[in-house]
Amino acid sequence: MKVFLADDHPLFRMGLRIALEQEADLELTGEASDGFSAVDKIRADPPDVALIDVDMPGMSGIRVIRVLRKAYPTMKILVLSTYDDETYIYGAMQAGADGYVLKCVEVVELVRIIKSFREGQQVVSPYLVNLSVAAEAAEGASEELRAEDEPTLTQREQEILRFLIQGESNKEISQHLYVSVETVKSHIKSIYHKLQVKNRVEAVTVSMKKNVLP
């Protein structure tokens, strides 16, 4: 397994290099101390896994990840960072990183994380934020919120809303549907409540904006 390391701290790179050299199935094929050289070297010899420091001189780690993700969609990209900060984590996730690993991680644990990501296995670690899982969870939560926000009208309410869009009066609607005017008013009140509006104009506008009618 070919691994590339980009980090601006020489001692950290040296220590990790020595540790990875002890692994028979891992090969550290390149190193970089800044973002620009990291991109150049990775393009010259793409690894299976890229370990990218989130905070580097020149080109930031986030920008490096963004460039690499576009060029190598299947490459595993793991962030190495001292920052347990939501801003960095979110930035890495948006850029396309697969995982976010804190630098306080033990070498044995880091090796396990690297191998698990390369082999497509689920990995749980107190030092790791699995960004692909986080992204799926965020997307699922977003969809759930959108679903909750979508107003659901009954069949009768949909019929009445269509008449409202056509500009029909309450009396005209009651004649079309063979129900009393009071029944129509009751349904319209329910429509207003579900759409969170106060009048017919707002009801029509919001229903069309949210595509309420099938």
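What you get for the chain, charging only the Cβ of Lys and Arg (+1) and of Asp and Glu (-1), is a dipole of about 1060 debye around the Cα centre.
Between 0 and 90 degrees, the angle of helix 86-95 with respect to the longest Cα principal axis of the chain falls at about 90 degrees.
Taking Cα atoms, how many degrees apart are the long axis of helix 35-44 and the longest axis of the chain, rounded to 10 and kept between 0 and 90? Approximately 80 degrees, to the nearest 10. Here region 1-24 is scanned for amide nitrogen atoms under 14 Å from the site 7 Å beyond the Cα of SER37 along Cα-to-Cβ, giving 5-14. Counting only DSSP beta bridges whose two residues both lie in the chain, roughly 15 percent are antiparallel.
Note on the chain: dipole from Cβ charges, positive end direction compared against VAL111, SER174, THR152; the farthest Cα belongs to SER174.
Under a 10 Å cutoff between Cα atoms, tell me which one of ASP34, ASP55, ASP25 has the largest fluctuation in the Gaussian network model of the chain. Looking only at ASP34, ASP55, ASP25, the largest GNM fluctuation is found for ASP25. Under a Gaussian network description of the chain, with springs only between Cα atoms under 10 Å, the residue in GLU172, GLU27, GLU109 that fluctuates furthest is GLU172. For the chain, averaging the sequence separation of C-alpha pairs within contact (under 8 Å, six or more residues apart) and dividing by the residue count gives a relative contact order of 13 percent.
Stretching MET1 away from ARG17 to a fully extended chain increases their span by 4.4 nm, per 0.36 nm per residue minus the current alpha-carbon distance. Close amide-amide hydrogen proximity is noted between ALA50 and PHE4, LYS76, ILE77, LEU78, each under 5 Å apart and 5 or more residues distant or on a separate chain (H modeled in the peptide plane; Pro and chain starts excluded).
Between GLY96, GLY61, GLY120, the Gaussian network model of the chain with springs among Cα atoms under 10 angstrom shows the greatest mean-square fluctuation at GLY120.
Seen from all directions on average, region 68-108 presents a Cα convex hull projection of 3.2 nm². Here the gap between GLU182 and ASP55, fully extended at 0.36 nm per residue and compared with their Cα-Cα distance, gives a gain of 39.1 nm.
What is the angle, in °, between the Cα long axis of helix 200-209 and the longest principal axis of the Cα atoms in the chain? Nearest 10 is fine, range 0 to 90. With rounding to tens, the tilt is 30 degrees.
We did not get these values from a lab; they are worked out from the coordinates using the rules stated. As the structure is a computational prediction, the values presented were derived from the model and not from experiment. Note: ideal-geometry Cβ built from the backbone for every residue, glycine included; neighbour counts use all protein chains shown.
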